[in-house]
Amino acid sequence: MEKHKSLPINTLLDNWLRNEGLETPLLQYRLIKGWPEVMGATVAQYTKDIKIYNNVLRVKISSPALRQNLLMMRTEIARKMNNFVKAQIIQEVTFY
């Protein structure tokens, strides 16, 4: 009898998502949903909309002062968000 090498279910699921082209959309969804956890409750309170277009995270912030502060931290925010999903999903963060 031939033995088959068994793989953990998470590896099989990751491979299937990658093969079906669903890995990136799933990671983008997790990144958007993780915004409050990464940025904290105060920033989340002033966040009105979050979208990803062409590897750019676009975040609508209702407070002009907070928006200005976040603009100065864009590179750090992009790094934190990518670390949250353990993948290079976004290249840049913009606020409007």
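Annotations for the structure displayed:
- The requirement of being on the phi > 0 side of the Ramachandran plot, assigned to a loop (DSSP other than H, G, I, E, B) and loosely packed, with under 11 Cβ neighbours inside 10 Å is fulfilled somewhere in segment 15-32, by at least one residue.
- Selection status of K60, open to solvent by 70 Å² or more (accessible area, probe 1.4 Å), over 23 Å from E23 (Cβ atoms) and touching a residue at least 24 places away in the same chain (Cβ under 8 Å): yes
- Of residues in segment 36-57 being charged (D, E, K, R) and touching a helix residue (DSSP H, G or I) at 6+ places or on another chain (Cβ under 9 Å), the one most open to solvent (accessible area, probe 1.4 Å): E37
- Residue within segment 58-81 that is in a loop (DSSP other than H, G, I, E, B) and in contact with a helix residue (DSSP H, G or I) (Cβ under 6 Å, 6 or more places away or on another chain) present: yes
The values are calculated or read from the model by the stated rules, or taken from the named source; none is laboratory data. Keep in mind that this is a model prediction, so the values were computed, not measured. Ideal geometry is used to build each Cβ from the backbone, glycine not excepted, and the neighbour counts take in all protein chains shown. Calculation scope for accessible area: heavy atoms of the full protein, side chains included, ligands and nucleic acids excluded. Shrake-Rupley method; radii C 1.70, N 1.55, O 1.52, S 1.80 Å.
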